[in-house]
Structures are given as C-alpha cells and as structure tokens.
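For reference, the structure discussed in these notes is given below.
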C-alpha cells in the first residue's frame, strides 16, 4: 500500500481538526495490512485438514529452524516443533483473533513454548567448549559459519532468541519485542547484549 | 563527539538505521577520527552480515504431518464465540449463546470432547451476573453447574489433558467461592496458574489471578490481593483485553479503598467505568456505583451515597435477577445509610428522642422504618443464597438500629448470633465487627444504667469486648479502618468513669488517628478520611480526652461540631 493511499485512508478515519502524528501512517499501514494467511486460518478454524496442511507446510521449516537453533538436541527440536504446530494449528487456532498477523501469533506461541522447554534445562556455559552438531564432527576444519553457529549456541537462552528473531530472521526490534512479549527496551538490550557477546566470542576464536 | 559520548547503544542504533540524519552524521564523523570505534563498528557490521546469512529454516528429518493430521478435529464454534463474548464482557450476546445451547449443557457428557471447557465457560458466563437466576423453580444456573461438575470423576483425574484439568479446576474454584470456602478456591485457582505456562491461555490465567485476588480480599488479606490483581491486570493488558482490564481494575479499586487509598480508588473506578459503559455488564457497573456510594459515605455525604446506591440497584436489577447477593449487599448498605442519617437527625448520637421536635422525630422514625424494610428484603436474599457474611452484616446493622431505638436486648441477641456466624466460618472481620458492636452496646448500657454496680459490670464487659475486637481486627485482618474503629471504642470505654484511664485511652486515640491518616497526608491535615461515623467517633473520644485534660496535639482532630453535622444532614 503506497503512502498516498495510506494518508487517504488515514484522513477518512480522522475527526476534523485532528493533528496527524508523524508516525500515524504506520498505525494505518498496520491496520490495512492484509494477513496473507487469512483464508487458510479461516479454513483451519473450521477444521479443514487441507488448510491446516497448507499452513503446516508453510511454517514447518521456519518453526523447526527456530527450535533447532534453540534446543541442544535435534530430536528435542523436532518433537518441540510438532508440539508447537499441534498446539497452534489445532488446539488454539480458534483463539486467534486476527489482531496481529498469523505468523507473528504463531511465532509468539513457538517462542513461549520453546522458552518453557528451555527453562527446564541449564543455561549454556560460556566457558564450555561448544557442542558440535553432527556435521561439525564430520568436517574437522570448522569454517566461519560453523564457528558462528557454535558461538550462537553458547549465548544464554533469552539473548540467543532475540538475536535469532532480530538479526537472523530480520524482524524489526518492535516485532521482536511483540513476539517475545517484552517491552521494546528489553528486546533491545537482549538482542544487542547477545550480539556484543557473540562479537567477543568470535574475536577470541579468531585469536586462538 | 568523543568515544565516551558514543555509547555502544548508539553504535547499534546507527547500524540498525534508527538514528536521525543529524545523529548519524555525528557518528560517521567520529568514526573517521577514532580507530577504536571504527574497529568496533566494522566488527559489528561484519558480524551482522554473517548472522543474516545463516539459514533460518531447517526441514525436519522425519515427517511430522501424520501426527498432526491425526489431531485435526472440527473445532467448537460455540465455545470460541462464548469465550470471546465473556472476555469482551458482552453479557447479552453470551446469554443468547448459552440459551441457544442449553440442551448441550444440561445433557453434558464428561466423556465427550471439550466437556470441561464447555462447563468452564458456562460457569464463567454465570459469574457475569446470571448465577442466581432461576432456570426453572428451585433450579438456578449455579445448581446446574454444581450438578454438571459432579458428573466428572473425582480428583485425581489422570486421564484429563492439562487444559481440561485447568478448566475443571476453574469450575471448582468458582463454586468454592460461591460456598465462601476461600482457602479451597485459592488452592484450585493456584493449580490453574501452575498449569499456566503449559496451557498458554492468557484469558484463563487472568481469570484465575483475578479470582485469587478476590478470595484474598474476602479474607481481608489486602496486600496479597493487590499483588494478584496487579498480575491479573498485567496478563489482561498483554492480551489486549481492555474490558477484562476494566473489570479487574474495579476489583483493584476496591482493594485500594480498603487499604485507605480512596483517592486512587476513585480514579481507578472512573477509568474502568469509561470502558464498561460501552458494554452491557450491569453487574460490574452496579459494583462501580455501589463502591461510589461507599466512597461518598466515607466522606460523610450520606444523601449522595444513597443516590449512588440507587444507581447500583438499578444496574443489579438489569442483570436479570432480583436475587443477586450484590443487590442484597446494596440494600444492606442503604439500610446502614438510613440509620446514619437518622442518627445525625437526632443531633447527638445518644440523645433521648423526647428532646427532638416532632417533625424531626417523625423523619427519624421514617428512616429507621425504611432501613428495616431494606434489611428484611436483603435477609430474604441472603437466606436463600445461604450467604453467611451477608446475614452477619444484616444482623449487625439491625442490632445498631435496635440499639438506637432503645431495644437493647434484641440488639444483644442479634450481635451474639452475628459473632456465632463469624465463628462458624472463621470470618475474623465479621467476628471483630460483632465484638465492636457488642462493646458499643455495653457502653450504652453502662451509661444509662441507674445502679452503679450494674454500670461497672457493663463497663467491664465493654472493655473485654473492645480488647477482643481489637485483637481480632489488628492481628488477623488488614482492615485499617476496622482496626482504627476498635481502637477508638477501646479508648471511649476506658474513659468510662468506672474505668477511667486517660493515658491508655489517649494511646488508643493516637493509634486510631495514625491508622485513619491517608499515607500521603502531612501532620497538619484536618480531615483524614472524610467525616463519616468513624471520624465522628474519633472526635467524640477526642472531646472526652480533652475534658479529662489530655493534650492531643499534634493529633488533634478538631472540635466536635454538632451544629455543622446537623446542617449537613438536613441538606
């Protein structure tokens, strides 16, 4: 939606004499943004298996990507992905009220359930050597990407989550805060604290 | 700009593109000059670029679909609509939905899917004002809910899923609240909160937190209640349920009022009311008006309070039931107001009726008669609902009215019954209130008694009742006004000529004064919490102490100005 259209829509909803805030167009933009999953969600709410499958296929890899990065074991990650998808697309779908995008809603459920799962595990230790994934074990020379991947695994859960949502997935800080369910300032400090820690870890790694 | 002025935060804002042109230019200029910051920036830039390249998706190694497909089921649109209507406080819509599916609720089968959720939403709907409405003669919705709950197997219920277990615990909690078993209710709702993280249902969690706050309020544990109500409001705010926030705020305002913060309470009520006016939630709107009546009563504005209670009654009647306990509570409060008005009309609290002119005397009688009518109506509702706390309040006010009109024996037996009721349910507030009234009654007896020995005996009894009331209120409740009132009457009792102990009495006076003082008031304030009967009693004690030569400064509450009181009553 172009800014011109947005300004027009905004004007129609504004009472006379109402001053336009500089960021008002963003609110309007938010309200006219159409959720691409709207029809699929409607179908899923009615118990249509095809719609649920379409949503499942669309979001499976993304959710699994998040859980794989967050969980120490791949098997746990897959089980968690399954739990999240069943919970969101089958059990709780009728509670989705369309106040946010479906993807944001699904993400916040995924984040919530992942953090619940991780809270039962100890925080990763910064000093401990990184746990190598299977691929890492096979290739002895760790390339830079692998290094970064491992360093990421050594961040505390909350910081890692914020870094993944903001820097890897490209959500804005506001969206990240919304998904995690914390104030913007907290999301900022979590993601930036994480990145600074990553920078130090990577620096140590290149030195060694 | 120097390095120290560039916080790491600003560098991140710069990289995220969150700075204004001017600020970004300043950072760029600094980076040209400073090699440390330049290195920091280039490291971060490189790191962010690499992070963005990392894959964000990962295909699961096994096929997850079959497990999910097996669980796809046709959802229940009725439950979705009902839960939504409840969260948005659309009372009429929710009632229409429930009535449309009444057969399903009556024939509830616990083995069927969503049975626990159905019963839970039904009871939550009931809590919006319909609980006491009769479906047919002698069967209310409350009775139906109890009957439906019994169809589920007794706890422990191993076969239930977590969400079903949370729903059933919610039902059990609500029913325990109706039975006035608050400790049991807290236990049930606490279980729901423990499951909170697993069930991921913020509406249910907010409901449970709000209910725990309500149970603590009923027990007089206002500090705990405030903690829980703040948690509940936070949960409702996070899930953007403004109507729910408003309903919970009404509960919070009541707690603030009880904690002697009337100004904050009035503001909270006003904020909640603006949201609730958009809904048809007459029960909560009635509660707001009733609370307003209570606030104005505390300021001594008895006629304004009567008007507010009138509004509350109108709202309660629109709930669809003339049997709601809140309606009976409002009637009890109106009776108390009429008694207080009659008391003010009779100039001094204990003056003989013969000294008053005929017109005033008739008006006093009229107020007392109306008060008794309200109490009879309230008693009928409380008896029917087996509400012991309500019956206790009615007995206390009735005893006060009997004391005022000189029927001291009836008053004594009513107070003894009220104390028994409190003891039966271990309700310390009711017990303390009964003891306080008994102390006041014995004081009256001591004053009017002609024989010195009898008078001494009554005064001794009054002292023991005052000590009992004070212990109950101060030790077991957090009700500051009640505690203050017990201190005041302990002091008044000690000023009885037979017991005369001005030192101890002035200590009581100061303790009461400190309790009634609003937390933000300085020492020179004139009107601590308004001029209601507690304030009048404090002044009476003050006058007695001054007459005995005690120096009350800096706690002097001002002169006991009866002419002023009389004028206000007439207005």
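The values are calculated or read from the model by the stated rules, or taken from the named source; none is laboratory data. None of the values given here were measured: they were computed from a predicted structure. Don't worry about glycine lacking a Cβ; one is built from the backbone with ideal geometry, like all the others, and counts go over all protein chains shown.
Quick notes on this one:
- Restricted to the range B:89-101, and to residues there that are crowded, with 18+ Cβ neighbours inside 10 Å and in contact (Cβ under 8 Å) with a residue 40 or more places away in the chain, the residue that is farthest from the chain's Cα centre (by Cα) is B:95.
- For the range B:179-242, the helices (runs of 4 or more DSSP H) that sit wholly inside it and include 1 or more residues that are out of contact with any helix residue (DSSP H, G or I) (no Cβ under 7 Å at 6 or more places or on another chain) are B:182-199, B:222-238.
- A residue that is under 22 Å from residue B:93 (Cα atoms), modelled with pLDDT of 85 or more and surrounded by fewer than 23 Cβ atoms within 10 Å (Cβ to Cβ) cannot be found anywhere in the range B:288-300.
- Taken together, A:104, A:206, A:114, A:176 contain a single residue that is at pLDDT 85 or above, surrounded by fewer than 17 Cβ atoms within 10 Å (Cβ to Cβ) and in a helix (DSSP H, G or I), which is A:104.
- Options B:144, B:119, B:149; residue that is in contact with a strand residue (DSSP E or B) (Cβ under 8 Å, 6 or more places away or on another chain), modelled with pLDDT of 85 or more, over 30 Å from residue A:148 (Cα atoms) and more than 14 Å from chain A (Cβ to nearest Cβ): B:144
- Applying the criterion of being on the phi > 0 side of the Ramachandran plot and within 14 Å of chain A (Cβ to nearest Cβ) to the residues of the range B:199-241, the residue that is modelled with the highest pLDDT is B:240.
- In summary, helices (runs of 4 or more DSSP H) completely within the range B:11-101 and bearing 3 or more residues that are at the interface with chain A (Cβ under 9 Å from one of its Cβ atoms) and closer than 30 Å to residue A:85 by Cα occur at B:35-53, B:65-69, B:77-87.
- Among residues of the range B:102-114, those that are outside any loop (DSSP other than H, G, I, E, B) and surrounded by fewer than 16 Cβ atoms within 10 Å (Cβ to Cβ), counted: 3
- Residue A:170, sole failed condition from (1) modelled with pLDDT of 90 or more; (2) within 11 Å of chain B (Cβ to nearest Cβ); (3) under 21 Å from residue A:109 (Cβ atoms): (1)
- Qualifying residue in the range B:447-462 (condition: surrounded by 15 or more Cβ atoms within 10 Å (Cβ to Cβ), without any contact (Cβ under 8 Å) to a residue 40 or more places away in the chain and within 30 Å of residue B:383 (Cα to Cα)): no
- Filter pass, residue A:68 being farther than 19 Å from residue B:66 by Cα, at pLDDT 80 or above, more than 11 Å from chain B (Cβ to nearest Cβ) and in a helix (DSSP H, G or I): no
- Enumeration of residues in the range A:46-65 that are more than 7 Å from every other protein chain (Cβ to nearest Cβ) and assigned to a helix (DSSP H, G or I): A:50, A:51, A:54, A:55, A:57, A:58, A:59, A:63
- Annotation: of all residues in the range B:383-426 being in contact (Cβ under 8 Å) with a residue 60 or more places away in the chain and assigned to a loop (DSSP other than H, G, I, E, B), the one that is farthest from the chain's Cα centre (by Cα) is B:425.
- You will find that of B:63, B:29, the residue that is surrounded by fewer than 19 Cβ atoms within 10 Å (Cβ to Cβ) and closer than 30 Å to residue A:53 by Cβ is B:63 and no other.
- Elements of the type helices (runs of 4 or more DSSP H) sitting completely within the range B:466-571 and holding at least 3 residues that are at pLDDT 85 or above: these cover B:480-494, B:502-516, B:533-547.
- Of all the listed residues (A:151, A:88), the sole one being crowded, with 19+ Cβ neighbours inside 10 Å, within 12 Å of another protein chain (Cβ to nearest Cβ), closer than 26 Å to residue B:47 by Cβ and modelled with pLDDT under 90 is A:151.
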